[in-house]
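Participant: Dumping the structure here so I can ask a few things about it.
The values are calculated or read from the model by the stated rules, or taken from the named source; none is laboratory data. As the structure is a computational prediction, the values presented were derived from the model and not from experiment. Here Cβ is always computed from backbone atoms with ideal geometry, including for glycine, and neighbour counts include all displayed protein chains.
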Amino acid sequence: MKEKLEAIKAAAREALNSSSTEHDIEELRVKFLGKKGELTAILKQMGSLSPEERPQMGQMVNEAKQKLEALIADKKAEMQKKATELKLKSEAIDITMPAKKISVGGLHPINTVINDMIELFQSMGFDVVDGPEVETDHYNFECLNVPADHPARDMQDTFYLAENLLLRTQTSAAQIRTMETRKPPIRVICPGRVFRADEVDATHSPVFHQLEGLVVDKGITMCDLKGVLEQFAHEIYGSDTKVRFRPSFFPFTEPSVEVDVSCSECGGKGCRVCKGEGWIEILGAGMVHPNVLKCCGIDPEEYSGFAFGIGIDRITTTRYKISDIRLLFENDQRFLEQF
Ligand code: DAH
C-alpha cells in the first residue's frame, strides 16, 4: 500500500506540473481527491490493514492528501494571478493619449437672424406660418395681382418645374395661403427660402431667404406699417439707426415702399459696405392691394392691411460684416465655426 501511495504521489506531481489550464487542474483534483479518486480509494482500503499499521498508514495518506490539496490550491492561485495580469495588460488604458475631440454644432448665422426676427415679431403679436417651397402659379403670382403676361413677372426670374408649378420666388405666396385659411384680424410672419434664376455673385444667390409679414384688420393704415417696420429696424440695427421709406412699386401693394436703414458700418457717410450710398435697403412693403384681398375673399371695403418682405440674407451679411453672400451657402466649416 505504501508503494501504491508513493506511485500516486509521483503521478499527481507530474500531472500537476504538466497541467496548464484551470480545467486541467480541476480534472486532476477529481482524479486524485474526488469521491472516486485514487487517494480516496486508498483511504477506503484502510480496513484491510492491521490495527498497528492503520494509524501510520492513515497519517501518511492524510499528509499526502493535504499536500496535494495545497499544491492544487497554489497552482490554481498562480494561474488566476497570471490570468488577471494578462487581462489587466490587455485592457490597459494609456492615459497620456490625446482625448477624442467632441465637436459641438452651432446655429447657422441665417438661422440665428431668423430666430431673432421671429422672437421680435412674436413680441409684437405676430404668429409664425409656413408655406411650401414648391408653389403654384396661382399663389406665387396670379392671386398676388400678377396675372400671366404682366410685365412685373420680369422682375423675378423664375424656376419653373411644370407649366403651373414653380419654386417660389417670394414668401409673399404665404400671404395668400394665410388669407385663404384665416379670417381677419390677421397678423403673421413667414420666414423661408426663395428661389430665382439669378446670376451668382457677391450679392446674388439663386437661393436666398425672406421673411414675409402680413397684417389685415379693420382700419389698418400706412402709419401702422411705418410704426412696425421702424420698430423692427431699431431692434435689429440699434435705436440710433435712421430709417428711410422710399416710394416704390410692387403689384400686390398700393402704395408700395422700399425701406432703407442708415449704414451701420459708416453711420451714413458712405463706405464700401453701402457702396457709398450711406443707406442699405432691407425690405419692400406696402398696403395690401384691394385685388389681393378680393382674390382671398376678404372685402377691401371693410378691411385693409399692410405687408412686407424682409431680405434675411442682407440683414445677416450686414450684422456680421460678411462681405460675400456666397459664404452663407458654401458650408465651409472654417467660416461657420466663427458664429
Ligand atoms: N415679394 C417682394 C420681393 O420679393 C418683397 C415684398 C414687397 C413683399 C412688398 C411684400 C410687400 O409683402 O408688401 O421682392
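Participant: Where in segment 162-220 are the strands (runs of 3 or more DSSP E), entirely inside, with at least 3 residues that are among the hydrophobic types (A, V, I, L, M, F, W, C), crowded, with 18+ Cβ neighbours inside 10 Å and within 14 Å of the ligand (Cβ to nearest atom)?
Facilitator: 186-195, 207-217
Participant: Looking at (1) in contact with a Lys or Arg (Cβ under 7 Å, 6 or more places away or on another chain); (2) under 29 Å from MET179 (Cβ atoms); (3) crowded, with 18+ Cβ neighbours inside 10 Å, which is the one condition that is false for PHE308?
Facilitator: (1)
Participant: Kindly indicate the residue of segment 282-339 that is on the phi > 0 side of the Ramachandran plot and modelled with pLDDT under 95 and also nearest to the chain's Cα centre (by Cα) among those meeting that condition.
Facilitator: Only one residue tops the list, namely ASN331.
Participant: Sticking with this one: Determine whether segment 4-13 contains at least one residue that is surrounded by fewer than 16 Cβ atoms within 10 Å (Cβ to Cβ) and not in a helix (DSSP H, G or I).
Facilitator: Looking through segment 4-13, none of the residues is surrounded by fewer than 16 Cβ atoms within 10 Å (Cβ to Cβ) and not in a helix (DSSP H, G or I).
Participant: Go through segment 287-304 and report how many residues are of a type in the set (Asp, Glu) and within 13 Å of the ligand (Cβ to nearest atom).
Facilitator: The qualifying residues number 0.
Participant: While we're on this one: Are any of the residues in segment 319-328 away from the ligand (no atom under 11 Å from the Cβ), of a type in the set (Phe, Trp, Tyr) and assigned to a helix (DSSP H, G or I)?
Facilitator: Checked segment 319-328: at least one residue is away from the ligand (no atom under 11 Å from the Cβ), of a type in the set (Phe, Trp, Tyr) and assigned to a helix (DSSP H, G or I).
Participant: Another question, then. Restrict the check to segment 153-167 and report whether at least one residue is under 29 Å from the mean Cα position of the chain (by Cα), farther than 16 Å from PHE252 by Cβ and either in the same structural domain as GLY309 (by TED's automatic domain parsing) or among the hydroxyl-bearing types (Ser, Thr, Tyr) (or both).
Facilitator: Within segment 153-167, one or more residues are under 29 Å from the mean Cα position of the chain (by Cα), farther than 16 Å from PHE252 by Cβ and either in the same structural domain as GLY309 (by TED's automatic domain parsing) or among the hydroxyl-bearing types (Ser, Thr, Tyr) (or both).
Participant: Suppose we filter segment 105-132 for residues that are in contact (Cβ under 8 Å) with a residue 24 or more places away in the chain and either at positive phi or surrounded by 15 or more Cβ atoms within 10 Å (Cβ to Cβ) (or both); how many remain?
Facilitator: Total meeting the criteria: 15.
Participant: Kindly evaluate CYS223 against the criterion of being crowded, with 21+ Cβ neighbours inside 10 Å, without any contact (Cβ under 8 Å) to a residue 12 or more places away in the chain and in the same structural domain as PRO184 (by TED's automatic domain parsing).
Facilitator: Criteria not met by CYS223.
Participant: Shifting gears a bit: Any idea which residue in segment 264-285 is farthest from the ligand (Cβ to nearest atom), counting only those that are touching a helix residue (DSSP H, G or I) at 6+ places or on another chain (Cβ under 8 Å) and of a type in the set (A, V, I, L, M, F, W, C)?
Facilitator: VAL273
Participant: Since SER264 meets every condition but one in (1) touching a residue at least 12 places away in the same chain (Cβ under 8 Å); (2) of a type in the set (S, T, N, Q); (3) surrounded by 20 or more Cβ atoms within 10 Å (Cβ to Cβ), which condition does it not meet?
Facilitator: For SER264, the failing item is (3).
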